[in-house]
1. May I ask you to list pairs of residues, at least six apart or on different chains, whose Cβ atoms are under 9 Å apart, with the first in segment 197-224 being of a type in the set (Ser, Thr, Tyr) and the second being not in a helix (DSSP H, G or I)?
2. Search segment 156-173 for residues that are under 15 Å from Ala230 (Cβ atoms) and pair each with any residue that is surrounded by fewer than 18 Cβ atoms within 10 Å (Cβ to Cβ) when their beta-carbon atoms are under 8 Å apart and the residues are at least 6 apart or on different chains.
3. Taking segment 172-193 as the search range and keeping residues that are within 12 Å of Val14 (Cβ to Cβ) and in contact with a Ser or Thr (Cβ under 9 Å, 6 or more places away or on another chain), which one is surrounded by the most Cβ atoms within 10 Å (Cβ to Cβ)?
4. What pairs come up if the first residue lies in segment 79-104 and is on the phi > 0 side of the Ramachandran plot, the second is part of a helix (DSSP H, G or I), and their beta carbons are under 6 Å apart, counting only those six or more places apart or on different chains?
5. So which of Ser108, Ser138, Ser117, Ser148 ends up being under 21 Å from Val190 (Cβ atoms) and without any contact (Cβ under 8 Å) to a residue 40 or more places away in the chain?
6. What about Ala230, is it aliphatic (A, V, I, L, M) and within 15 Å of Val14 (Cβ to Cβ)?
7. Filter segment 133-158 for residues that are under 10 Å from Val15 (Cβ atoms) and part of a strand (DSSP E or B) and give the result.
8. Write out, first by first residue and then by second, each pair whose Cβ atoms fall under 9 Å of each other, whose residues are 6+ apart or on separate chains, and whose first residue, in segment 32-48, is more than 20 Å from Val92 (Cα to Cα) while the second is part of a loop (DSSP other than H, G, I, E, B) and hydrophobic (A, V, I, L, M, F, W, C).
Amino acid sequence: MNERTPAPARPDTVVLDLDGTLVDSVYVHVGCWRAAFRDVGLDVAAHRLHRAIGMGGDRLVAAVTDDSVERSVGDDVRARHAHHLDNRFGEVAALDGAEELLETLRTSGLEVVLASSGQRELTDRLLDLVPSTSAIRSTLAGDEAEASKPAPDLLSLSLERVDAGRSFAVGDTVWDAESAKAAGVSFVGVLTGGITRAELEDAGAVVVVEGPRELAERLDEVLSAVAEAASAAPLEG
């Protein structure tokens, strides 16, 4: 009789992104960055800014312009972005299904950690918009890691804090996917940041879902897909 192949090990930890994953903030960020650049006399197209949302703010200015702009006005642009965001903060809200996702992750027995590229003060303000965040065991903000996304530092440090075994990350951008790959964990994409399914899959997403609600509804299926992917190509973490 043939021995049955053991089922792939189920993940025990999930690392969630915040902007565009739990809160509907991506396009507000685009508008705020656009206004910030205009404040210093630069006109950066909205579509270029959208492609850069999700990487650390310390990288974004140079990414959408060049290194000389970063050197001359980078800090000023970031400060102006923060000012515009503060003025428009009332436009940001939790995404549909964010509360249900956190509750589903909790009841499934997963360790839930959050890794946001935003600074600690902003991360806390955004999390206040999401109900039932008690499911999140640990939160790491962008200013608490040496390098921002797409570097793996945020993810790796988040996983170290909870002594994760088999983990995966959830995010809405290719920068999240690249960070997960560099950290050695599987990636699940959501479409709520405005990046296409094809782009997220090309960046390495094991599964792509519409948003938090669909992820909650399909969690068992997603966990099986993540476990299968990790079994086929073993990853660290």
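1. The qualifying pairs are Ser224/Ala7; Ser224/Pro8; Ser224/Arg10.
2. Taking only residues 6 or more apart or on different chains, the pairs are Ala164/Asp12; Gly165/Asp12; Arg166/Ala9; Arg166/Arg10; Arg166/Asp12; Ser167/Asp12.
3. Quick first cut of segment 172-193, residues within 12 Å of Val14 (Cβ to Cβ) only: 180, 185-188.
Cutting the leftovers down to in contact with a Ser or Thr (Cβ under 9 Å, 6 or more places away or on another chain) gives us 180, 185-187.
Numbers: Ala180: 32, Val185: 26, Ser186: 27, Phe187: 28.
Here the residue is Ala180.
4. Between residues of segment 79-104 that are on the phi > 0 side of the Ramachandran plot and residues that are part of a helix (DSSP H, G or I), the close pairs are Gly97/Pro212; Gly97/Arg213; Gly97/Ala216.
5. Residue meeting the stated conditions: Ser138.
6. Considered against the rule, which asks whether it is aliphatic (A, V, I, L, M) and within 15 Å of Val14 (Cβ to Cβ), Ala230 comes out as yes.
7. Ser138, Leu140
8. Note: pairs meeting the criteria are Phe37/Val44; Arg38/Val44.
The values are calculated or read from the model by the stated rules, or taken from the named source; none is laboratory data. What you are looking at is a predicted structure, and each value in this text was computed from that prediction instead of being measured. Methodologically, a virtual Cβ is constructed for each residue, glycine included, from the backbone with ideal geometry; neighbour enumeration extends over all protein chains shown.
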